[in-house]
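Please read the structure below before turning to the comments.
The values are calculated or read from the model by the stated rules, or taken from the named source; none is laboratory data. Treat the numbers as computed from the prediction; the structure is a model and nothing was measured. Cβ atoms come from the backbone with ideal geometry, glycine included; neighbour counts cover every protein chain shown.
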Amino acid sequence: MLVHPNTHETETERKELLAAAQSAGQPLIVLDAVSGGDIERAFATATQRGAGAVLIGVGPFVNSYREQLIALAARHAVPAIHFQREFAEVGGLISYGTSQTDAYRQAGVYAGRILKGEKPGDLPVVQATKFEFVINLKTAKALGLEIHPQLLATADDVIE
């Protein structure tokens, strides 16, 4: 797992994934990155330590390094899963996360309610309810991976 450390969202993600890996009896290597050079070193470390895949953590930091992350996953021939469909659309293998389109739609709904006179403090907190699972078959083929038909059937979108 590659994360940008010391933010609430990534530390929560780190804690939950470490617990999940431990309960499943699976090893988890967590690599922190605060720069592009750290990302390069993290991929080298992951492959040297025999990682079978890399989970790219959430947040704006990793989003700003999207192209580098995808290129490094390809160069090191390691499958990677990302948190936004935009990663899969530009060459990432798999993405699973909240729908940004739905989040923007919800923001528009809230803006409309506020413009109609509702007080922002009176509006309920809304959590994401729409998640998207995207598989990039071109990337899978380049990595020499076959995606099981049942997994393909569960995807919201398959990029060919």
* To do: Please tell me if Ile29 is in contact with a strand residue (DSSP E or B) (Cβ under 6 Å, 6 or more places away or on another chain), of a type in the set (Val, Ile, Thr), modelled with pLDDT of 90 or more and not in a helix (DSSP H, G or I).
  => no
* Asked: Of the residues that sit in segment 27-47 and are closer than 13 Å to Leu72 by Cβ, of a type outside the set (Gly, Ala, Ser) and touching a residue at least 12 places away in the same chain (Cβ under 8 Å), which one is surrounded by the most Cβ atoms within 10 Å (Cβ to Cβ)?
  -> Phe43
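Can you tell me which of Glu40, Glu67, Glu89, Glu9 is under 23 Å from Gln127 (Cα atoms) and either touching a helix residue (DSSP H, G or I) at 6+ places or on another chain (Cβ under 7 Å) or of a type in the set (Asp, Glu) (or both)?
Values: Glu40 fails: under 23 Å from Gln127 (Cα atoms); Glu67 fails: under 23 Å from Gln127 (Cα atoms); Glu89 fails: under 23 Å from Gln127 (Cα atoms).
Glu9 is the lone residue from the list that is under 23 Å from Gln127 (Cα atoms) and either touching a helix residue (DSSP H, G or I) at 6+ places or on another chain (Cβ under 7 Å) or of a type in the set (Asp, Glu) (or both).
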* Taking interchain pairs and intrachain pairs at least six residues apart, which have beta carbon atoms under 6 angstrom, with the first residue in segment 1-26 and more than 22 Å from Arg41 (Cβ to Cβ) and among the aliphatic types (A, V, I, L, M) and the second exposed (fewer than 13 other Cβ atoms within 10 Å of the Cβ) and at pLDDT below 90? -> none
* Filter segment 48-62 down to the residues that are surrounded by 17 or more Cβ atoms within 10 Å (Cβ to Cβ) and assigned to a helix (DSSP H, G or I), then identify the one that is farthest from the chain's Cα centre (by Cα). => Phe61
* Asked: With (1) of a type in the set (A, V, I, L, M); (2) over 30 Å from Val78 (Cα atoms); (3) in contact with a Ser or Thr (Cβ under 9 Å, 6 or more places away or on another chain) as the list, and Leu115 as the residue in question, which single condition is left unmet?
  -> (3)
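For every residue, the table says whether it meets (1) among the polar types (S, T, N, Q); (2) in contact with a strand residue (DSSP E or B) (Cβ under 7 Å, 6 or more places away or on another chain); (3) in contact (Cβ under 8 Å) with a residue 60 or more places away in the chain.
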site	(1), (2), (3)
Tyr65	no, no, no
Leu69	no, yes, yes
Arg75	no, no, no
Ala80	no, yes, no
Ala88	no, yes, yes
Tyr96	no, yes, no
Gln100	yes, no, no
Tyr104	no, no, no
Ala111	no, no, no
